[in-house]
1. From the set of residues in the stretch 238-271 that are loosely packed, with under 13 Cβ neighbours inside 10 Å and among the small types (Gly, Ala, Ser), which is nearest to Leu176 (Cα to Cα)?
2. Which is in a helix (DSSP H, G or I), of a type in the set (Val, Ile, Thr) and more than 28 Å from Leu470 (Cα to Cα), of Ile377, Ile384, Ile440?
3. Scan the stretch 355-387 residue by residue and report those that are of a type in the set (D, E, K, R) and within 20 Å of Gly542 (Cα to Cα).
4. Kindly establish whether Ser184 is over 21 Å from Ile238 (Cβ atoms), within 34 Å of the chain's Cα centre (by Cα), surrounded by 18 or more Cβ atoms within 10 Å (Cβ to Cβ) and assigned by TED's automatic domain parsing to the domain that holds Gly31.
5. Of all residues in the stretch 432-448, how many are touching a residue at least 24 places away in the same chain (Cβ under 8 Å) and among the polar types (S, T, N, Q)?
6. With respect to Leu216, is the statement that it is in the same structural domain as Lys185 (by TED's automatic domain parsing), exposed (fewer than 14 other Cβ atoms within 10 Å of the Cβ) and of a type outside the set (Lys, Arg) true?
7. Take Gln284 and decide whether it is surrounded by fewer than 14 Cβ atoms within 10 Å (Cβ to Cβ), of a type in the set (S, T, N, Q), under 27 Å from Ile145 (Cβ atoms) and in the same structural domain as Ser140 (by TED's automatic domain parsing).
8. Could you list all residues from the stretch 430-451 that are surrounded by 14 or more Cβ atoms within 10 Å (Cβ to Cβ) and either touching a Pro at 6+ places or on another chain (Cβ under 7 Å) or of a type in the set (D, E, K, R) (or both)?
Amino acid sequence: MNKKNPLFYLFKRLSWPTGLIVIAVLISSLGSITGLVVPFFTGKLVDKFSFENFNWGFVVAFIAIFILNALLSGLGLYLLSKIGEKIIYAIRSILWKHIIHLKMPFFDQNESGQLMSRLTDDTKVINEFISQKLPNLLPSILTIIGSLIMLFVMDWKMTLLTFITIPIFVLIMIPLGKVMQNISKKTQAEIANFSGLLGRVLTEMRLVKISSTEHLELDNAHKNLKEIYFLGLKQAKITAIIQPISGLIMLLTIAIILGFGAIRISTGAITAGTLIAMIFYVIQLSTPLINLSTLVTDYKKAVGASSRIYEIMEEPTEPLYLTEEDVIKDGDLTFKNVDFKYDVKPILKDVSFNIPHSKVTAFVGPSGSGKSTIFNIIERMYDIEKGDISYGDKSIYDISLVDWREKIGYVMQSNALMNGTIRDNILYGINREVTDEALIHYARLANCHEFIEQFDDGYDTLVGERGLKLSGGQRQRIDIARSFVKNPDILLLDEATANLDSESERKIQDALEELMENRTTVVIAHRLSTIKKAEQIIFIDGGEVTGKGTHQELMASHKKYQQFVNTQNLAE
């Protein structure tokens, strides 16, 4: 069932406000039922009407029913729409919760803009169906059944005659609904592509401007927008076919009733009031019938929109917590015969090494040899193909993910910052209360207190999207300050200081040395001074470990290491 119907799959995941639904349905139903009495009263009014014995009581009752119908219908519709809003809130929450816990490869393969579109645009289509179309379902069905019963009671021969038009209506609607579903699916895909393009271009606007590719990105956007425009036109064509056809069928039905009704009145079979009541009932039938016919197309649209959401919901998430909570004993971090593939491309082949506790281990090797991959694997961003990684006497895969990542500090090349203040960024992800004194203490250790103080707003300075208002060196020092506050047991350090001026570099170096004290430190080393200080150097080449030892040992025994040290002009 789920495979065929992604919408029901989503509905199953929700907790429904049952009480509210029952009340809303009851009120809407009462509204529909009072609506059914109105034509009947109108007919009676026409038949009994005379100025001599004017029945005021009857008129008052007639007006009262009219007002009651309006009140009940309005209230019912509000409650049903409220249910729709609650449900869409729940769908968006579930989807966002799922996306944020997905594994890293998923984000490597999907554009952020596309995912945003799935969360907002796709859910909007489902929302329209749930909060606007579904609420009309029960009142419409009640009105249709009630009107038909009243029509049969009044004159079954005439009613049967008016039924000729209904099969025509159904035959037109079914194929159009199928077309609508396909168009909707394509439209949602195109809107997502457009959002993806927007996300990509807006985040890399500097690259776009420096490369003068504005015209190219405009063309790309126009392709998307044209496609959305043409799909919109197709939808409009279908709607343009449905509406007039419904109107025509309606007119045809009324014409049949009037023609045949006139004959019935002349033979005395029915009264004029009955004929008027019957026309009222037929007109009353038209709105719910149109509602039901577009309900099919809207339902197909909603299914189309939910199918991509369903695909995302089927993606595996990270298991953040394990059932058993126990203390993690500190120890060595050991890789045993680890293989790792990215998609199908093998990156690490049978890698084994030991990172001793509270010592510095440096990874050295040509770019693209797998050094950053090892960091990603230690952080458990990606799953290994085979082998095992242990910490102390325990496999890291038996430690709950949250606890494990709590132990790791990572200072990276790209220095990820969130749009917000400097204070928010230093304390991002810190689960304890940090006083201002402590914050300044850590900022001093990371050599960033001075430059922060120079800003007008100090620690409340906004850093801009991805920290663009700060220089590379400043971003890196804020990253280091965050690691100081986190106080991790294992420090991963991507020592990319190549793009910094010598003063920044010196300050960062001092801060890092302070941070590395008494911690298990793993460095991707770019500087000879760091390499020389490391207790252990691991040389990685083409995804394999080709040498381990100290600087002196490797200089004596590892030819490629000698070349690497001599040709890389490693900064002293």
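1. Ala240
2. On the way: Ile384 fails: in a helix (DSSP H, G or I); Ile440 fails: more than 28 Å from Leu470 (Cα to Cα).
Among Ile377, Ile384, Ile440, only Ile377 is in a helix (DSSP H, G or I), of a type in the set (Val, Ile, Thr) and more than 28 Å from Leu470 (Cα to Cα).
3. Across the stretch 355-387, the qualifying residues are Lys371, Asp383, Glu385, Lys386.
4. On the way: over 21 Å from Ile238 (Cβ atoms): no; within 34 Å of the chain's Cα centre (by Cα): yes; surrounded by 18 or more Cβ atoms within 10 Å (Cβ to Cβ): yes; assigned by TED's automatic domain parsing to the domain that holds Gly31: yes.
Here the answer is no, as Ser184 does not meet what is asked.
5. Final tally of qualifying residues: 1.
6. Details: in the same structural domain as Lys185 (by TED's automatic domain parsing): yes; exposed (fewer than 14 other Cβ atoms within 10 Å of the Cβ): yes; of a type outside the set (Lys, Arg): yes.
Judged against the criteria, Leu216 is a match.
7. Values: surrounded by fewer than 14 Cβ atoms within 10 Å (Cβ to Cβ): no; of a type in the set (S, T, N, Q): yes; under 27 Å from Ile145 (Cβ atoms): yes; in the same structural domain as Ser140 (by TED's automatic domain parsing): yes.
The answer is no for Gln284.
8. Within the stretch 430-451, just Arg444 meets the criteria.
The values are calculated or read from the model by the stated rules, or taken from the named source; none is laboratory data. Keep in mind it's a predicted model, so treat the numbers as computed, not measured. Glycine also receives a Cβ, built like all others from the backbone with ideal geometry; neighbour counts cover every protein chain displayed.
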